Amino acid sequence: GPARRDAGPMTGTRIADLMQPAPTTIRCTSTLREAAEVLTRGEIGSVVVERNAAMAGFLSERDIVRALADGEDPDEARVEDVMSMDVATLGPDDRADEAAEQMLAGAIRHLPVVDGDRVVGIVSIRDVLAHDHAG
């Protein structure tokens, strides 16, 4: 292919350099109301759902809104009932430009960063694109 214009050290920017470390987590047995409170308090759009300290899924504002629109009771419905299970994840060593393509292609706003079965961070499309255009 054509030579890359930015063949300097920035081409290999890793997700580890862009992610927010220690993402907010919530237990899978929490209620939707508890999850909404966590999102509001942290001013965040999504949380990692854990079961026995391992990642079980991912919950976003949109998941909560959709569940409520479907008639779920926020004090009865559990996070595990509405969370996304087949979540795409990134690794700390994944490359930022490839992550950007994956997120844009899937219209994904946040992805958890997983090392083994531990969630070590979270990256937003804003973080990835801001870096991508900075180079």
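Every read-out reported here was derived from the displayed coordinates using simple, explicitly stated rules and does not represent laboratory data. For clarity, every value in this text was computed on a predicted model and none was experimentally measured. When we count neighbours, we look across all protein chains shown, and the Cβ atoms used for this are built from the backbone with ideal geometry, even at glycine.
Scan (i) 143; (ii) 112; (iii) 92 for the value of volume of the Cα convex hull per residue in Å³ calculated from this model and give just the label.
This structure yields the entry labelled (ii).
Would you mind finding the longest exposed-site-free stretch of the chain, with exposed GluC sites (Glu not before Pro) meaning DSSP loop and at most 10 other Cβ atoms within 10 Å?
Free of exposed loop sites, the longest segment is 77-135.
What residue among G45, G12, G57 shows peak mean-square fluctuation when the chain is described by a Gaussian network model with Cα springs under 10 Å?
Among G45, G12, G57, the largest mean-square fluctuation in the Gaussian network model of the chain belongs to G12.
Would you mind checking the tilt of helix 96-106 against the longest principal axis of the Cα atoms of the chain, expressed as 0 to 90 degrees and rounded to 10?
50
For a quick check: with amide H placed at 1.01 Å from N, whose amide H comes under 5 Å from C28's, ignoring anything fewer than 5 positions away on the same chain?
Result for C28 returns E50.
Which trypsin sites (Lys or Arg not before Pro) does segment 87-135 hold that lie in a coil by DSSP with at most 10 other beta carbons within 10 Å?
Within segment 87-135, no trypsin sites (Lys or Arg not before Pro) qualify (loop, at most 10 other Cβ atoms within 10 Å).
What are the residues whose amide H is under 5 Å from the amide H of M55, where those residues sit 5 or more places off or on another chain and H is modelled from the backbone?
Distant-sequence amide H within range of M55: V119.
Kindly write out, for segment 27-32 in residue order, the coupling ³J(HN,Hα) from the Karplus curve 6.51 cos²θ - 1.76 cosθ + 1.60 (θ = phi - 60°), rounded to whole Hz, with x marking Gly and Pro.
Couplings: 6, 5, 8, 5, 7, 4 Hz.
Read phi for every residue in segment 43-56 and hand back ³J(HN,Hα) as whole Hz from Karplus 6.51 cos²θ - 1.76 cosθ + 1.60, θ = phi - 60°, with x for Gly and Pro.
6, 10, x, 7, 9, 7, 9, 10, 10, 6, 6, 10, 5, 9
Based on DSSP H runs of at least 4 residues, each adding -39500 (n - 2.57), what is the mean residue ellipticity at 222 nm of the chain after dividing by all its residues, to the nearest 500 deg cm²/dmol?
So the helix-based figure for the chain works out to -10000 deg cm²/dmol.
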